[in-house]
Amino acid sequence: METVIDSQTVHASATITVPDYMEINMDYYDHAVPDSDFADEEPQVYPKVKYELINDDYPVFCRFDNDDVVYSYYNFYCMEDFSTDLEFTVPFMDYTHLEEEDEGAYNNPMEKNFRESNMLWRYIPQHFVDDYILLNDYYANGFTFYGKYRLTIYSVDLNFYTYKYHSESYFHGGINGGIGYFGTVSGEDYYTEVVK
């Protein structure tokens, strides 16, 4: 890419690697019973999962085409409308519920809002079980509130990972001679209702 800024010709380049498709299994241990699981399409009635059982009963297993380093990114999005009835899964200081003054922060359209959280992970696959690897068995803290959720699990490339990982991320997004991010992600959505 080439552009002219203040009569100067500036050259910038970027390359990406498309991340491998990952086949995800949210119920590897077959703990799901009717109405208790993660749905892979948004359902009319959300299946329910007890918060305290998420990490133990529903660890995320996945299968890849190779055993390269895996970069993944989890996005937790609360599907519930703002309400002071929304209860934190883990109380925040002395707060157990949202308060009226939290509505703006909950509905903020920017990435940093109360209803959305993210986790970033780097794995070196080592233990294959029936061609599956354990991708994550500690992710329940991403569910900030009890209620309905969309959980998106992404396989991401190195550019995306380093962009999200570094504090001055705009220098680490894979662009040479410029700033920003140029990368790829591939993900799948899952839906559940987190209950006590």
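Within the range 156-172, which residues are free of Cβ contacts under 8 Å to residues at least 60 places away in the same chain and either in contact with a Ser or Thr (Cβ under 7 Å, 6 or more places away or on another chain) or hydrophobic (A, V, I, L, M, F, W, C) (or both)?
Tyr163, Phe171, His172
Given the options Thr184, Thr144, Thr96, name the one that is among the polar types (S, T, N, Q) and within 12 Å of Phe76 (Cα to Cα).
Being among the polar types (S, T, N, Q) and within 12 Å of Phe76 (Cα to Cα) holds for just one of Thr184, Thr144, Thr96, which is Thr144.
In the range 10-29, which residue that is under 13 Å from Leu135 (Cα atoms) and not aliphatic (A, V, I, L, M) is surrounded by the most Cβ atoms within 10 Å (Cβ to Cβ)?
Tyr28
Just give me the residues in the range 92-128 being more than 22 Å from the chain's Cα centre (by Cα), surrounded by 10 or more Cβ atoms within 10 Å (Cβ to Cβ) and aliphatic (A, V, I, L, M), in sequence order.
If the condition is that a residue be more than 22 Å from the chain's Cα centre (by Cα), surrounded by 10 or more Cβ atoms within 10 Å (Cβ to Cβ) and aliphatic (A, V, I, L, M), then Leu98 is the only one that fits.
With the condition kept exactly as written, say whether any residue in the range 17-24 is assigned to a strand (DSSP E or B) and of a type in the set (A, V, I, L, M).
Yes.
Out of all the residues in the range 61-91, which are of a type in the set (A, V, I, L, M), farther than 14 Å from Tyr149 by Cβ and surrounded by 12 or more Cβ atoms within 10 Å (Cβ to Cβ)?
If the condition is that a residue be of a type in the set (A, V, I, L, M), farther than 14 Å from Tyr149 by Cβ and surrounded by 12 or more Cβ atoms within 10 Å (Cβ to Cβ), then Val70 is the only one that fits.
Evaluate the range 155-173: report whether one residue or more is surrounded by 15 or more Cβ atoms within 10 Å (Cβ to Cβ), modelled with pLDDT of 85 or more and in a strand (DSSP E or B).
yes
Does Tyr77 count as part of a loop (DSSP other than H, G, I, E, B), within 20 Å of Lys196 (Cα to Cα) and touching a residue at least 24 places away in the same chain (Cβ under 8 Å)?
Spelling it out, it is not the case that Tyr77 is part of a loop (DSSP other than H, G, I, E, B), within 20 Å of Lys196 (Cα to Cα) and touching a residue at least 24 places away in the same chain (Cβ under 8 Å).
Taking the range 83-123 on its own, how many of its residues are among the acidic types (Asp, Glu) and touching a Phe, Trp or Tyr at 6+ places or on another chain (Cβ under 7 Å)?
Adding up the residues that qualify gives 4.
Any idea which of Thr144, Thr96, Thr89 is without any contact (Cβ under 8 Å) to a residue 24 or more places away in the chain and of a type in the set (Ser, Thr, Tyr)?
Sole residue among the options that is without any contact (Cβ under 8 Å) to a residue 24 or more places away in the chain and of a type in the set (Ser, Thr, Tyr): Thr96.
Report yes if some residue within the range 176-184 is buried (at least 19 other Cβ atoms within 10 Å of the Cβ), touching a residue at least 40 places away in the same chain (Cβ under 8 Å) and not in a loop (DSSP other than H, G, I, E, B); otherwise report no.
no
The values are calculated or read from the model by the stated rules, or taken from the named source; none is laboratory data. Since this is a predicted model, take the numbers as computed values, not measurements. Quick reminder, even Gly has a Cβ in these numbers, built from the backbone with ideal geometry, and neighbours come from all protein chains shown.
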